[in-house]
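Engineer: What follows is a structure written as structure tokens; I'll ask about it next.
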Amino acid sequence: MKRQLTPDPASASYADNDRKVKSLIHPGWLRCAHWLNAVAVVILVLSGWRIYNATRFLDFAIPKELTLGGWLGGALQWHFAAMWLLVANGFCYLAINLWTGRLRRKFFPISPAQVLADVSAALRGRLAHADLRHYNSVQRLAYVFVMLDSVLLVMSGLVLWKSVQFPILRELMGGYEGARRVHFFAMAGLCAFIVVHVAMVALVPRTLLAMLRGR
């Protein structure tokens, strides 16, 4: 008689764990950082618009219904609270990405030729999203842009907050008024990223599910 082999429970458990790891798109720490950043950015943008309305240097104002804080002092309080959340969360995000090598694996290299090819495919509705664990060149460029833009926002914000304490940074940005413009247009760049990001999520709803449950 042939001997019937019974599966090893330990081996089966390891296989199940291995399948779960391979199917994981976003780890827990990344999902947590993403949603904390989302909260911080929304508060910063809405309160920042209220601050701009109080001290605007361009010939338009943001509708009051789209601002946060009610008045300049209240908007500043919201802005500073969200700033600390963004800085702390962003520092942890970058540190983990650098420590694990994820920054290099996920976002580089960025090929200009491939970016143009992916933009062309996206405009024709042919950009593939089969494996959400891999970013195309447009996504890589967009995420690297928003990381650098966030750094610029923080640096210009420091000049606006503590201008005297950061004289070199102030001069590099063309003085206090120059820093105001840098901060405003960096915020506009962040808002443009958010619009494109939300549009892409609407086109590929699986990306939202992956950011909520990891798979």
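Engineer: With every protein chain kept in the model, how would you rank Leu141, Leu98, Leu24 by accessible area, 1.4 Å probe, largest at the top?
Structural biologist: Leu98, Leu141, Leu24
Engineer: Let me ask something else about it. With a 1.4 Å probe and every protein chain left in place, work out the accessible area per residue of the chain in Å², rounded to a whole number.
Structural biologist: 65
Engineer: Over the chain, what relative contact order in percent results from Cα pairs under 8 Å that are six or more residues apart? Before the final figure, lay out the partial values.
Structural biologist: Details: 158 pairs, mean separation 44.9, N = 215.
Rounded, it is 21 percent for the chain.
Engineer: Another question, then. Round to a whole number: what % of the accessible area of the chain belongs to carbon and sulfur, probe 1.4 Å?
Structural biologist: Working: 9740 of 14020 Å².
Carbon-and-sulfur percentage of accessible area, whole number: 69.
Engineer: Among [x] 14.8; [y] 17.9; [z] 19.1, which is the computed mean projected area of the Cα convex hull in nm²?
Structural biologist: Recomputing mean projected area of the Cα convex hull in nm² here gives the entry labelled [y].
Engineer: With springs only between Cα atoms under 10 Å apart, run a GNM on the chain and tell me which of Phe166, Phe185, Phe60 wobbles the most.
Structural biologist: Phe60
Engineer: So, one more: At 222 nm, what value in deg cm²/dmol follows for the chain if DSSP H runs of at least 4 each add -39500 (n - 2.57) and the sum is divided by all its residues, to the nearest 500? Show your work: numbers first, answer last.
Structural biologist: Working: 9 runs with 157 residues, N = 215.
Computed ellipticity for the chain at 222 nm equals -24500 deg cm²/dmol.
Engineer: Related question: Between Leu85 and Arg213, what length comes free when the chain is fully extended (0.36 nm per residue of separation minus the Cα-Cα distance, one decimal in nm)? Let's see the in-between values first.
Structural biologist: Working: separation 128, 0.36 × 128 = 46.08 nm, distance 2.28 nm.
That pair, Leu85 and Arg213, stretches by 43.8 nm at full extension.
Engineer: Students sometimes get this wrong: rank Arg102, Arg180 by accessible area, probe 1.4 Å, all chains present, largest first.
Structural biologist: Values: Arg102 15, Arg180 45 Å².
Sorted by accessible area, descending: Arg180, Arg102.
Engineer: Using the Cα centre as the reference, give the magnitude of the dipole from point charges on the C-beta atoms of the chain (Lys, Arg: +1; Asp, Glu: -1; all else neutral), rounded to the nearest 20 debye. Could the numbers behind the result be given before it?
Structural biologist: Details: 24 positive and 10 negative charges, 161 e Å.
Here the chain has a charge dipole of around 780 debye.
Engineer: Next question. Please list 3J(HN,Hα) in residue order for the range 131-145, calculated via the Karplus relation 6.51 cos²θ - 1.76 cosθ + 1.60 where θ = phi - 60°; whole Hz, with x for glycine and proline.
Structural biologist: Result, rounded to whole Hz: 10, 6, 6, 10, 8, 7, 5, 5, 5, 4, 4, 5, 5, 5, 4.
Engineer: How many nm is it between the label spots at Leu24 and Val164, if each spot is 7 Å from the Cα in line with the beta carbon?
Structural biologist: Result: 5.0 nm between the two label points.
The values are calculated or read from the model by the stated rules, or taken from the named source; none is laboratory data. Just so it is clear, the structure is predicted and the values come from calculations on it, not from any experiment. Heads up, the Cβs are rebuilt from the backbone with ideal geometry, glycines too, and the neighbour counts pull from every protein chain shown. What goes into the accessible areas is simple: the full protein's heavy atoms, side chains included, and nothing from ligands, DNA or RNA. Shrake-Rupley method; radii C 1.70, N 1.55, O 1.52, S 1.80 Å.
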